[in-house]
Amino acid sequence: MTRALRLITHNWPLKLAAIALATLLYGGLVLSQTTDSFPGSVQINPVNQPSNVILLDSLGSVSRIRYVAPPDLGLRIDSGSFSATVDLGNVTPTGAPVTLDVTVKGVDGRVQVLDFEPKRIIVKIDRVGTKTVPVKVALGPIPSGLDVGDPVVDTENATVSGPQSIVDKVTEAQAPVTIEASGIDIDQFVSLVAIDDTGTELGVDSRIEIAPARVRVQLQVFTDRRSKAVPVTPNVIGTPAAGFAVASIEVDPPVVSVQGDANDLASLDRADTLPVSISGASSEVVQDVGFDLPTGVQALEPTTVHVTVRLRPVIGTRTFEAGLVIVGARSDLEYSLSTDRILVTIGGSIAELDRLSGTNIVLDVDVAGLGIGTHSVKATANLTTGLTLVAASPNPIEVTVSSPAPSPAPS
């Protein structure tokens, strides 16, 4: 301790003179620069903001900025000459207010900020959250003398995103629709708005975004509402795979109730379904589809039907040239056939016959148990399942069985 005091008091007159000189030099530096006040404001911006964090309020701006700058700076001082920031890097996103320090600097390093207001601000930040909510149509007042059907939207659900504390309160995405007194049916794209658990619409200030932002709404408006039951006609399009044809078409239920104005229903005698494609199909096709009804007509119950299209293979015959092969031969006998090729007619589905084309077809001639002499043997075919041998010509085949010629005696 004594040694430290000696170091401080040693040559103290010289040290005091050094401090006085430094003070004079600093004062001279300050006096050599221009001290001024900026009358405008500078927007506060966030820095180090995580990607999953969102600001709930505007950060505001700073004003009453006092600064010093060299007289020969040669710059026009405006709001772009300063930067005002708050650091969000270490803030926990809870949605609750927190107090943060504001930092103001000159963009040009020769401009030094001395003072500004405010030095601290209250900030609310939250995590970014998402949620899936149902899309509902909100109908405006219905003019006198009109009636409406059930609204139809092209999207059942929407995704809302924004501050987690606000997203948690969203219950639905609403599509507001206005009904005109003219009674014209509605078919339009409507912008969605978020509705919270109190039924209040959340505006732009809530920072809530909705995807999709718009949905298509269809609504029938009636002046003389009627309903009737009509048979359902399935609309089957396309061609099945080669070798297949439509065996039957079933629709369940076969009758549907529709509604519309009396003049729209007067000429309606059936309810066509939306297209059911069987293009390239080789097996049963089953689909649930809606209806393709005239404008002004709407299905009541059911709104979809179950369509089943059953296919069958197309049966045909085709003639091929086939070879013959001997089976069951004895090693001590010789066999000869009256021909080595015959024409065969094979029946089955067109698809199976198409697969058979271009292959080598061989029929068996079974000679097991035949003795020496000439015999008539029927050629048989070993075909894949679904194919049958309809005819063969010539068939049966003449088979000559003989003993092999004796070997010549050695000379």
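The values are calculated or read from the model by the stated rules, or taken from the named source; none is laboratory data. Keep in mind the model is a prediction, meaning the values are calculated, not measured. Counting neighbours? That spans all protein chains shown, and the Cβs are built from the backbone with ideal geometry, glycine included. SASA here: full protein model, heavy atoms, side chains in, ligands and nucleic acids out. Shrake-Rupley method; radii C 1.70, N 1.55, O 1.52, S 1.80 Å.
What the table shows:
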| item | result |
| --- | --- |
| Under Karplus coefficients 6.51, -1.76 and 1.60, residue-wise ³J(HN,Hα) of region 138-148 in Hz, glycine/proline x | 9, 7, x, x, 8, x, 4, x, 10, 9, 10 |
| For the chain, alpha-carbon Rg and Dmax in angstrom | 46.7, 148 |
| With eigenvalues of the C-alpha gyration tensor scaled by 5 and rooted, region 192-296, Å | 38, 25, 11 |
| Global size of region 100-169 as Cα Rg and Dmax, reported in angstrom | 25.0, 76 |
| Euclidean distance of C-alpha centroids, region 85-140 and region 239-261, integer Å | 60 |
| Choice from G40, G328, G296 with maximal GNM fluctuation in the chain (Cα, 10 Å cutoff) | G328 |
| Base-10 log of normalised Debye intensity for region 182-246 (one unit scatterer per alpha-carbon) at q = 0.12, 0.18, 0.28 Å⁻¹ | -0.71, -0.89, -1.19 |
| log10 of Debye I(q)/I(0), alpha-carbon scatterers only, for region 249-350 at 0.14 Å⁻¹ | -0.74 |
| Whole-Å semi-axes of region 77-233's equivalent ellipsoid (Cα gyration tensor) | 51, 18, 13 |
| Karplus (6.51, -1.76, 1.60) ³J(HN,Hα), θ = phi - 60°, over region 256-266, in Hz, Gly and Pro reported as x | 9, 8, 10, 9, x, 5, 4, 5, 6, 8, 4 |
| Per-residue SASA entry for T374, accessible area with 1.4 Å probe, Å² rounded to 10 | 90 |
| Built amide H within the under 5 Å cut-off of I361, gap 5+ | G323 |
| Per residue value of the accessible surface for region 326-411 (all protein chains in place, 1.4 Å probe), Å² | 61 |
| Per residue Cα convex hull volume in Å³ - calculated over region 269-411 | 165 |
| Listed residues T85, T303, T380, most fluctuating in the chain (Gaussian network, C-alpha, under 10 Å) | T380 |
| Helix axis angle, 12-32 relative to the chain longest principal axis, alpha carbon, degrees | 70 |
| Region 356-409 - Rg and Dmax from Cα coordinates, angstrom | 15.8, 56 |
| Once the Cα gyration tensor of region 46-92 is diagonalised, semi-axes √(5λ) in Å | 31, 11, 9 |
| Relative contact order %, the chain, counting alpha carbon pairs below 8 Å whose residues are six or more apart | 9 |
| Accessible carbon and sulfur surface of region 262-405 relative to its total accessible area, %, 1.4 Å | 48 |
| Under-5 Å amide H pairs with T233, H placed in peptide plane, nonlocal only | A271, D272, T273 |
| Using θ = phi - 60° and Karplus 6.51 cos²θ - 1.76 cosθ + 1.60, couplings along region 282-287 (whole Hz; Gly, Pro as x) | 10, 9, 4, 10, 10, 8 |
| Longest segment of the chain lacking GluC sites (Glu not before Pro) that sit in a DSSP loop with at most 12 other Cβ atoms within 10 Å | 1-155 |
